[in-house]
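These notes concern the structure reproduced below.
No lab work stands behind these numbers, since they all come straight from the coordinates. The structure presented is a predicted model; accordingly, all values stated were derived computationally and were not measured. Please note: Cβ atoms are built from the backbone with ideal geometry, for glycine as well, and neighbour counts cover all protein chains shown.
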Amino acid sequence: MGANLGESPAENIRKGALKLLEAGVEELVMAPLITTKPVDCVPGTPDFINTAVIGQWGGTPLELLAVCQKIEREAGRPAVHSSHEARLLDIDVLLWGTEVLSLPTLIVPHPRMHLRRFVLEPLAAIAPDWIVPPFNKTVAQLLKNL
């Protein structure tokens with residue numbers, strides 16, 4: 001999860017996590033918030049507040065993605081948006097257990113997560129031993145390799 005717009009990007013993230021709980025994500029654990037420089041964004045983009053959350057979801061990956069996108073829209077993010085600009089709230093599905101999914105609207109593991117400190121650092125705080133396919137390395141190992 002990440003945000004860098006609004007009165008309080010950190011509060012946008014906290015509200016997003018609460019909405020995930022309300023939507024049925026159980027045993028939700030949120031990593032500490034970190035501040036990071038924008039990656040692959042237009043010049044002048046403000047710093048991001050990022051975190052990672054893990055939890056149990058009873059539905060499909062696409063159903064979870066739809067919930068995440070609904071929460072983003074409720075936070076004020078347009079349904080059609082660029083991934084290279086500032087945002088009120090961004091929620092990505094990074095992993096789905098140890099499965100590899102390649103669907104038209106969802107690729108899991110997230111195709112660039114292994115290259116991004118702003119993803120791996122908070123995730124390592126709550127799930128350092130999670131094995132990330134297809135690398136067959138833990139989150140902590142991928143973070144160390146950056």
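Worth pointing out:
- All-pairs Cα distance distribution in region 68-146, expressed in whole percent, bin size 10 Å: 18, 44, 32, 7
- Spatial separation of Cα centroids for region 31-108 and region 1-24, in angstrom: 11
- Sparsely packed loop sites in region 26-133 (the GluC sites (Glu not before Pro) outside DSSP H, G, I, E and B with at most 15 other Cβ atoms within 10 Å) comprise Glu85, Glu99.
- Cβ-derived FRET efficiency at R0 41 Å, Ala79 paired with Asp129, nearest 0.05: 0.70
- What the phi angles of region 132-146 give under the Karplus curve with 6.51, -1.76 and 1.60, with θ = phi - 60°, is a coupling list of 9, x, x, 6, 6, 10, 6, 4, 4, 5, 5, 5, 4, 6, 5 Hz, glycine and proline written as x.
- Global form of the chain, assessed from the alpha-carbon gyration tensor, a/c cut-off 1.5: rounded
- With helices as the sole contributors, the chain gives -9500 deg cm²/dmol at 222 nm; each DSSP H run of n ≥ 4 counts as -39500 (n - 2.57), and the sum is divided by every residue.
- Once the chain from Gln56 to Lys70 is taken as fully extended at 0.36 nm per residue, the excess over their C-alpha distance is 3.2 nm.
- Long-range amide H partners of Val132 with built H, under 5 Å: Lys137, Thr138, Val139
- Label zone at His110, where the point sits 7 Å out along the Cα-to-Cβ direction: region 47-69 residues whose backbone N lies under 11 Å: 50-53
- Think of the chain as having a plus end and a minus end, set by charges on the Cβ of Lys, Arg, Asp and Glu; of Ile91, Ala125, Ala140, Ala140 sits farthest toward the positive end of this dipole.
- Most mobile listed residue (Lys15, Lys37, Lys70) in the chain, GNM with C-alpha springs under 10 Å: Lys37
- A Gaussian network model of the chain, with springs between Cα atoms under 10 Å, assigns the largest mean-square fluctuation among Val42, Val53, Val100 to Val42.
- Taken about its Cα centre, the chain carries a charge dipole of about 320 debye when Lys and Arg each add +1 at the Cβ and Asp and Glu each add -1 at the Cβ.
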